[in-house]
Amino acid sequence: MRTTLVAIFSIAAVIAPAYAAGGDAKTADRLDESADVLRDMTHMQDKGVPQDLLNKAECIVIIPGMKKAGFIVGAQYGAGFAVCRRKSGHGWTAPAAIKSIGGSVGFQIGGSEQDVVLLVMNDGGMKHLLEDKFTIGGDATASAGPVGRSATAQTDAAMHAQMLSYSRSRGLFAGISLNGATIQPDNDSNHDLYGRDITNREVLTGSVAVPAAAKKLEAELNRISSRRG
């Protein structure tokens with residue numbers, strides 16, 4: 001077990017630096033990529049995330065281009081952003097930077113990249129998102145989210161989960177299991193965005209202004225909000 005964990009984090013250490021380089025510019029690019037993922041996710045009415053689930057989501061986590069790599073033992077690493085609905089019920093909070101690290105064991109070789117989206121469906125899931133870190137499938141319950149208009153019958157069952165998870169690979173959205181992935185704040189990216197040390201709890205529950213770099217993402221979120229209900 002110890003050898004497996006060492007191998008997983010060794011692979012993660014190789015693919016993680018790609019997210020760390022570039023500072024402010026890299027963070028801004030990732031915000032734009034997150035906006036693109038959100039736009040595509042909500043425009044695919046027949047194969048995308050059901051609108052009624054978006055309407056009910058308390059928070060959304062977007063991780064564009066999560067990296068997966070491995071040889072027998074695999075690892076995945078991604079960086080993205082979380083937003084929550086404002087307590088007033090109008091609009092969304094500023095984005096809080098997050099990163100996800102997870103591992104898997106099994107026969108696998110090579111690497112891949114996929115966009116990942118988490119819908120946080122209730123206060124219990126949001127509580128985990130405000131913590132220093134949490135593990136999907138351990139601390140927080142998550143299910144592969146249903147897709148498309150035909151997913152209505154599955155919605156009630158899926159709503160028992162604190163989070164619903166989706167991925168996009170090669171243009172196709174589908175539900176995905178992310179059990180074992182750990183999500184935690186990306187403090188360096190938060191500092192790039194806000195010019196100071198700031199916690200995700202402060203961003204997601206306070207009155208922090210949306211930074212200029214996140215205007216494209218804000219526009220997509222507002223488009224979703226305009227369709228709520």
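Give me the residue from segment 186-198 that is surrounded by 15 or more Cβ atoms within 10 Å (Cβ to Cβ) and out of contact with any Pro (no Cβ under 7 Å at 6 or more places or on another chain) and, out of that set, nearest to I101 (Cα to Cα). Checked segment 186-198; the qualifying residue nearest to I101 (Cα to Cα) is D186. Of everything in segment 21-48 that is under 14 Å from the mean Cα position of the chain (by Cα) and surrounded by 18 or more Cβ atoms within 10 Å (Cβ to Cβ), the residue that is modelled with the lowest pLDDT is M41. Considering only segment 208-216, I want to know if a residue exists there that is at pLDDT 80 or above, assigned to a loop (DSSP other than H, G, I, E, B) and in contact with an Asp or Glu (Cβ under 7 Å, 6 or more places away or on another chain). The answer is yes; a qualifying residue exists.
Scanning segment 26-41 for residues that are in contact (Cβ under 8 Å) with a residue 24 or more places away in the chain and among the acidic types (D, E) returns D32, E33, D36, D40.
For A161, the conditions (1) among the aliphatic types (A, V, I, L, M); (2) surrounded by fewer than 17 Cβ atoms within 10 Å (Cβ to Cβ); (3) at pLDDT below 90; (4) not in a helix (DSSP H, G or I) are fulfilled apart from (2). Out of curiosity, is V105 surrounded by 21 or more Cβ atoms within 10 Å (Cβ to Cβ), hydrophobic (A, V, I, L, M, F, W, C) and at pLDDT below 85? In short, no.
Go over the candidates R196, R227, R223 one by one and state the one that is in a loop (DSSP other than H, G, I, E, B) and modelled with pLDDT of 80 or more. Full working, then the answer.
Numbers: R227 fails: modelled with pLDDT of 80 or more; R223 fails: in a loop (DSSP other than H, G, I, E, B).
Going through R196, R227, R223 in turn, just one is in a loop (DSSP other than H, G, I, E, B) and modelled with pLDDT of 80 or more: R196.
If the condition is being under 27 Å from A142 (Cα atoms) and surrounded by fewer than 18 Cβ atoms within 10 Å (Cβ to Cβ), then segment 199-213 contributes T199, R201, E202, T205, G206.
The values are calculated or read from the model by the stated rules, or taken from the named source; none is laboratory data. Only a predicted model underlies this, so the values are computations on that prediction, with no experimental measurement involved. Please note: Cβ atoms are built from the backbone with ideal geometry, for glycine as well, and neighbour counts cover all protein chains shown.
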